[in-house]
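None of the figures in this text is laboratory data; all of them are computed from the coordinates on show. All values reported here derive from a predicted model rather than from experimental measurement. Cβ coordinates were reconstructed from backbone atoms using ideal geometry, including for glycine residues, and neighbour counts include every protein chain displayed.
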Amino acid sequence: MKKIALVLFAGLLVFRAGAQSEKYTKAMEALVPAVDTTHSIEGLADLANSFERIANAEKTQWLPYYYAALCNVNQANMYYTIQQTDKIDPLMDKAEPLMKKAAELGKDNSEISCLKKMLNTGKMMADPMNRYMTYGPAAAAALEEAKKMNPENPRVYLLEGIDKYYTPEQFGGSKEEAKKLFELALAKFKTYKPASSIDPSWGIHQVEYFLTQQ
């Protein structure tokens, strides 16, 4: 009887874990597509908060921390485009601990290295003249790290292309080289398969946009 009871108890634990996992996946599936389609600061703030709530409930999962950080970084990018650079640092202060937590849970991960690249670029954008020598090399190193971890990750080439596109030619920028990188990113997107329904898949719309600007 004791053996039967133990088997039943173990089965119950597995069932509960499976139910919790399914609940987590469904909650994430409802939010992840919005990462690629939300184009307002307010919408990204709401999305970041939603991911952070999931992260607080699912403390062993790297993806909610990753997406919460990404949404904060994307908000910072939008503030940069409207020249409200004073809003960038507070968002980087929110994003960095979330990114570090994602890195603790998802070690040796190309996606997290891409995020690290974006975060360092964001910090630099808040004060480019004074911060380039600190955060520029850190961003470049993170992107190279992401490429080494997974050369098939299309977001690596998207981010590399964005750098080439916006950097002045006298500092190594090139619209022509950017186009090649965007074309490479697009080709990678066509064959790239995320590890799951909630793993990162964002970026193809950005690639398509930049290719229309050439």
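Observations
- Neighbour-limited loop hits for GluC sites (Glu not before Pro), segment 63-163 (at most 13 other Cβ within 10 Å; DSSP other than H, G, I, E, B): E152
- Spatial separation of Cα centroids for segment 64-105 and segment 133-148, in angstrom: 17 Å
- Helix 88-105 axis versus longest C-alpha principal axis of the chain: approximately 50°, rounded to the nearest ten.
- Rounded to the nearest 20 debye, the dipole magnitude of the chain is 860 debye, with +1 charges on Lys and Arg beta carbons, -1 on Asp and Glu beta carbons, and the Cα centre as origin.
- In order through segment 183-191: 3J(HN,Hα) via Karplus (6.51 cos²θ - 1.76 cosθ + 1.60), integer Hz, x for Gly, Pro: 5, 5, 4, 4, 4, 5, 4, 5, 10
- Cα-derived Rg to Rh of the chain, Kirkwood definition: 1.05
- Charge dipole of segment 125-188 (Cα centre as origin; +1 on each Lys and Arg Cβ, -1 on each Asp and Glu Cβ, all else neutral): 120 debye, rounded to the nearest 20.
- Taking amide H as placed 1.01 Å from N in the peptide plane, the amide H of Y192 sits under 5 Å from none that are at least 5 places away or on another chain.
- Positive end of the dipole of the chain (Cβ unit charges, origin at the Cα centre): among G136, Q206, A30, the Cα lying farthest that way belongs to A30.
- For segment 33-123, a simple Cβ point-charge model (Lys and Arg +1, Asp and Glu -1, everything else neutral) yields a dipole of about 220 debye relative to the Cα centre.
- Sorting 163-169, 42-48 by their mean Cβ neighbour count within 10 Å, with the most densely packed peptide first, gives 42-48, 163-169.
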